[in-house]
Amino acid sequence: MPNASIVIIGAGVMGQGLAEAIATAGHEVILVDRTIKLAERGIKSISESINREISKWGLTNSDKKAILARIFPSSDLSQAEDAEIVLEAIPEVLDKKRHLFENLDRICSSDALLITNSGTLSISEVAEATQRPEKIIGMHFLNPVTKVPLVEIVKGLRTDDDTFKKAVAFAESLDKKWITVNEYPGYVTTRIIVPLLNEAMHVLMEGVASAEDIDKAMKLGFGFNVGPLSLADMMGLDVVMSWMINLLDELSEHKYNPCPLLRKLVRAGHLGVKTGSGFFEYDKEGNRLNGTKSLAEEAAK
């Protein structure tokens, strides 16, 4: 395995998207998870994602071969030792992120760019687990990473200018547009989108309209490319609920209290596209199944 200059920790949906985007931009990347099996499963999911793009004429088989040749699975965190850039993409749990960065602080070189991809958590609180808080920064990529052109670059209270400039250069190397965010719970995108998603779920739960018509209303009425319920399914309902709970804890505002229907779906393991069922139903390739009533609509009765 080469000593790739970029390492991603976490081979879940976001880690997969980051690895695919980075490899597509021409960089070699090591995808690390707790076991080699999990890392390899992540790469398999990337392969399936590329196959869907090939079927839509978005990529070619040659593109797929080149992209996958740049992604290497690993279960060895020490792979980050010589990396120039390390991105954390593990679940949105503060203690887990702090523990990981405490380990990375010991392993990584002093000039490495250490990035958390958190969507709601405090960059400063993560950074304080290290001896170099000024070198820690947030880069909130949105799912699907390969398609959404935006990344929020989030400064912690002690993030220095050199670290910020490195993050900007990295974003631009991936052909991403970026905005600067001064740390605050939810940043910009998560803080704004979460109440909208939550309200759409309440509208469905209260029987005001069907899931299909709620999404249609927002797409045709306000120019959304994707309706709010479909968007929540794409993000992962467990992820959306974790954002809401984190924001509720931080800001104590009722608008972030997860809709009971969302709680019910997450508890039942219906997490959206990745499980084949959420507010809508999906096939194994993630394509929406039309003409089927979702569990969410049944549960909303």
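The values are calculated or read from the model by the stated rules, or taken from the named source; none is laboratory data. These figures come from a predicted structure and were not determined experimentally. Heads up, the Cβs are rebuilt from the backbone with ideal geometry, glycines too, and the neighbour counts pull from every protein chain shown.
Checking each residue in segment 1-40 for being of a type outside the set (Asp, Glu), crowded, with 16+ Cβ neighbours inside 10 Å and without any contact (Cβ under 8 Å) to a residue 60 or more places away in the chain picks out 16, 19, 23, 29, 30, 31, 32, 38, 39. For segment 44-74, a residue qualifies if it is aliphatic (A, V, I, L, M), at pLDDT below 95 and outside any helix (DSSP H, G or I), and exactly one does: 59. With the condition kept exactly as written, say whether any residue in segment 58-80 is closer than 21 Å to residue 152 by Cβ, acidic (Asp, Glu) and in the same structural domain as residue 151 (by TED's automatic domain parsing). Looking for residues that are closer than 21 Å to residue 152 by Cβ, acidic (Asp, Glu) and in the same structural domain as residue 151 (by TED's automatic domain parsing), one finds none in segment 58-80, hence no. When restricted to residues that are charged (D, E, K, R), without any contact (Cβ under 8 Å) to a residue 24 or more places away in the chain and under 16 Å from residue 119 (Cβ atoms), segment 243-266 contains 1. Name, by its number, the condition in (1) farther than 23 Å from residue 260 by Cα; (2) in contact with a strand residue (DSSP E or B) (Cβ under 7 Å, 6 or more places away or on another chain) that does not hold for residue 119. Against the list (1) farther than 23 Å from residue 260 by Cα; (2) in contact with a strand residue (DSSP E or B) (Cβ under 7 Å, 6 or more places away or on another chain), residue 119 comes up short only on (1).
Looking across segment 2-43 at every residue that is among the acidic types (Asp, Glu) and not in a helix (DSSP H, G or I), the one that is nearest to residue 150 (Cα to Cα) is identified as 28.
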